[in-house]
1. Closer than 18 Å to residue 47 by Cα, surrounded by 12 or more Cβ atoms within 10 Å (Cβ to Cβ) and more than 19 Å from the chain's Cα centre (by Cα): is that true of residue 80 in this structure?
2. What's the number of the only condition in (1) exposed (fewer than 10 other Cβ atoms within 10 Å of the Cβ); (2) under 22 Å from the mean Cα position of the chain (by Cα); (3) modelled with pLDDT of 85 or more that residue 40 fails to meet?
3. Do we find a residue being exposed (fewer than 10 other Cβ atoms within 10 Å of the Cβ), assigned to a helix (DSSP H, G or I) and modelled with pLDDT of 80 or more anywhere in the range 91-105?
4. Condition first: at pLDDT below 85 and either surrounded by 10 or more Cβ atoms within 10 Å (Cβ to Cβ) or in contact with a helix residue (DSSP H, G or I) (Cβ under 9 Å, 6 or more places away or on another chain) (or both). Can you find one or more residues in the range 48-57 that meet it?
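The values are calculated or read from the model by the stated rules, or taken from the named source; none is laboratory data. Please read all numbers here as calculations on a predicted model, not as lab measurements. All Cβ positions, even for glycine, are placed from backbone atoms using ideal geometry, and neighbour counts span all protein chains on display.
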């Protein structure tokens, strides 16, 4: 009788260990998925920032430069830096959230 109780106890312990391992694996996968999603969202933001930067640059190229107020090379550098900063802000602030969502969905479909 004692041997049977001991076997039953061991079986219960094994079941509990397996349950704990399964839960730990699920939790690990969930955290991996959330980390992966976070990484994909950051990459989508970067892509959106590049897209907006190119769009702003093309818009700027259509403007005519006034020779009187043209700042030369320094203004070109500053303007490029400002355009880059604006484009990064647009990607981070969710102004193009729908584009970011579509990009993340597209990137997830490749996995």
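1. Working: closer than 18 Å to residue 47 by Cα: yes; surrounded by 12 or more Cβ atoms within 10 Å (Cβ to Cβ): yes; more than 19 Å from the chain's Cα centre (by Cα): yes.
Yes: the conditions hold for residue 80.
2. Among (1) exposed (fewer than 10 other Cβ atoms within 10 Å of the Cβ); (2) under 22 Å from the mean Cα position of the chain (by Cα); (3) modelled with pLDDT of 85 or more, the lone unmet condition for residue 40 is (1).
3. At the first step, the residues of the range 91-105 found to be exposed (fewer than 10 other Cβ atoms within 10 Å of the Cβ) are 98.
Next, only the ones that are assigned to a helix (DSSP H, G or I) stay: 98.
Next, only the ones that are modelled with pLDDT of 80 or more stay: 98.
Scanning the range 91-105, I find at least one residue that is exposed (fewer than 10 other Cβ atoms within 10 Å of the Cβ), assigned to a helix (DSSP H, G or I) and modelled with pLDDT of 80 or more, so the answer is yes.
4. Keep residues of the range 48-57 that are at pLDDT below 85, which gives none.
No - not one qualifying residue is present in the range 48-57.
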